[in-house]
Structures are given as C-alpha cells and as structure tokens.
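The values are calculated or read from the model by the stated rules, or taken from the named source; none is laboratory data. In this text, all values refer to a predicted model and were calculated from it rather than measured experimentally. When we count neighbours, we look across all protein chains shown, and the Cβ atoms used for this are built from the backbone with ideal geometry, even at glycine.
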Amino acid sequence: MAVFKFASCDGCQLSILNLEEDLLALGQALDIVYFPEASSAMRPGPYDIALVEGSITTAEDARRILTVRQQTKRLITIGACATAGGIQALRNWADVESFKQVVYPSPEFIQSLSTSTPISEHVHVDFELWGCPIDKTQLLRVLTDLVSGVQLRLPGDSVCLECKRRGNVCVLVAKGLPCLGPVTRTGCGAICPSMGRDCYGCFGPTEGGRKGPGFPPNTDSLAVRFHDDLQLIPIEVLRRFRGINGYADAFKQEGEKWERKK
C-alpha cells in the first residue's frame, strides 16, 4: 500500500496514523511501502492499493496523479480535498490571479492552476472515502474489505438518521439553525448536532435523495427552507452550500442557483 499527498492539510493522513493499535494489525496484513508522512523508507511501485489525499492545484500535480494511477491497481481517494476539491476549491469561483497580486510580493513565482479539482476529474478512481477529515473507523472498514476481497461499501445515509440513533433534538427544527444534516452523508457520528450546532456538510452530499439511491439529495427543498423559514438572505444560503464540499456536484449546483439570486 502507498499513501500519496496532493494539495491538503494532511488531516486525513493523520487519521491513518490515529488507527493506533489497529495500524499495527493492518501492517501485518499489508506492506505499507510508501508513506512520507510516517516514514522516510519509501519503495517504488507498482502498488496494489494507493490512498490519495488532496486536490489537484498545480500542473505538476496534474502530471503526477497520472503516474500514480498508472502504477496502482486500486486507487482510493480519502477526504474532501481528494473527493471534491476541498475548501481550496473556493478559488474555482474567484479570480486567482488577483489573489496572487494581493497576497504575494512576487506573484510571478507562484505556479498554480486557477482551479482546485478532485482526483476523479483527472484519473479513474476506484473508491471515494469522504470526510474532513475521514473517519478512521470507515477507513479501517474499507481497508479490511480490500484485504478480505469483498465489495467496498459504506453507508450513504444522511446525518439526520445518525441524529435519530443518538437521540439528538433536531437543531433545524428546535433551534432554527441552518443545518445541512438532511443532505449530508453520515460518517462523523453527527458530532456537530450532538454539540447543539448545525452540520456544515464535511462528509459531502448523501448518495441518494428522497427518491432513493442514484438520485441527488433534495438540496433545493432545504435551501428554500433556509431562505423562507429561517430568513437567510441568498448570499447566506449560498455560503451554506459552498463550504468544505462546495465543489461536490449536488452542493455545487445548489450554490450556483443561489449565486444567481444574490
């Protein structure tokens, strides 16, 4: 197994290290041969499994991910950056060149693309593990399934179901908070609603809406609820969807609707 990093904060790689004792057991089942975050001892491919963290934000990275794909049998993206472009995908709706001029004293030395895009826009991805950061229990389940040779599968339910399981009072209904839980996939254990605050969508859109698997989540109805009942102005509705996973298809499309209403 190899672990590669692109544009990211390293939080998902730290989730691998946070497996602690389970990481030792994993090391007995898999040879972890390339993991710069954890070891300076690195071996070249080919690899059976590659975990990829981070988005593509430079021309060099766009070339490098092609090499990773060519030498890997199973490529799995881990985290919001790799699966949806991450928070840095906010640049996709902005003028990056003007940012360079304002921030850097010598912007001519900054070699950066104008976009931050997920790995799947550049190469074939075998499986996506969402989250910011990923959940280490889900990571362990995916790796165990790989070693066991069974089909990879994670729950695509919404955070709302997790709240019901934990007995949480709905913060959208009871507190009037603009919670993204109804359209966000579970995986975090409903951490934020359990603390009395609203979900901000760090595990990305659910896999299926009210029509079932294969259909997008009903972001339209939730956005209207934010605007009509919670009195959020269009720019505030836009910001709810244009966050950590703002470039994920369902959130991206909803955000663009409300951008036109500003």
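Of all residues in the range 156-174, none are free of Cβ contacts under 8 Å to residues at least 40 places away in the same chain, assigned by TED's automatic domain parsing to the domain that holds Ile244 and in contact with a Phe, Trp or Tyr (Cβ under 7 Å, 6 or more places away or on another chain).
Counting only helices (runs of 4 or more DSSP H) that sit completely within the range 165-242, those holding 1 or more residues that are more than 22 Å from the chain's Cα centre (by Cα) and modelled with pLDDT of 95 or more correspond to 171-174, 219-228, 234-241. None of Leu14, Leu23 is without any contact (Cβ under 8 Å) to a residue 24 or more places away in the chain and not polar (S, T, N, Q) except Leu23. If the condition is being in contact (Cβ under 8 Å) with a residue 12 or more places away in the chain, surrounded by 14 or more Cβ atoms within 10 Å (Cβ to Cβ) and either assigned by TED's automatic domain parsing to the domain that holds Arg91 or among the charged types (D, E, K, R) (or both), then the range 226-257 contributes Glu236, Arg240, Arg242, Glu254, Lys257. Among what's in the range 174-208 and is surrounded by fewer than 17 Cβ atoms within 10 Å (Cβ to Cβ) and out of contact with any Gly (no Cβ under 8 Å at 6 or more places or on another chain), pick the residue that is farthest from Asp229 (Cα to Cα). Within the range 174-208, the match that is farthest from Asp229 (Cα to Cα) is Gly189.
Residues are listed down the side, and each one gets a yes or a no for (1) over 18 Å from Arg64 (Cα atoms); (2) in contact (Cβ under 8 Å) with a residue 40 or more places away in the chain:
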site: Met1; (1), (2): no, yes
site: Ala7; (1), (2): no, yes
site: Gly27; (1), (2): yes, no
site: Ile32; (1), (2): yes, no
site: Glu37; (1), (2): no, no
site: Met42; (1), (2): no, no
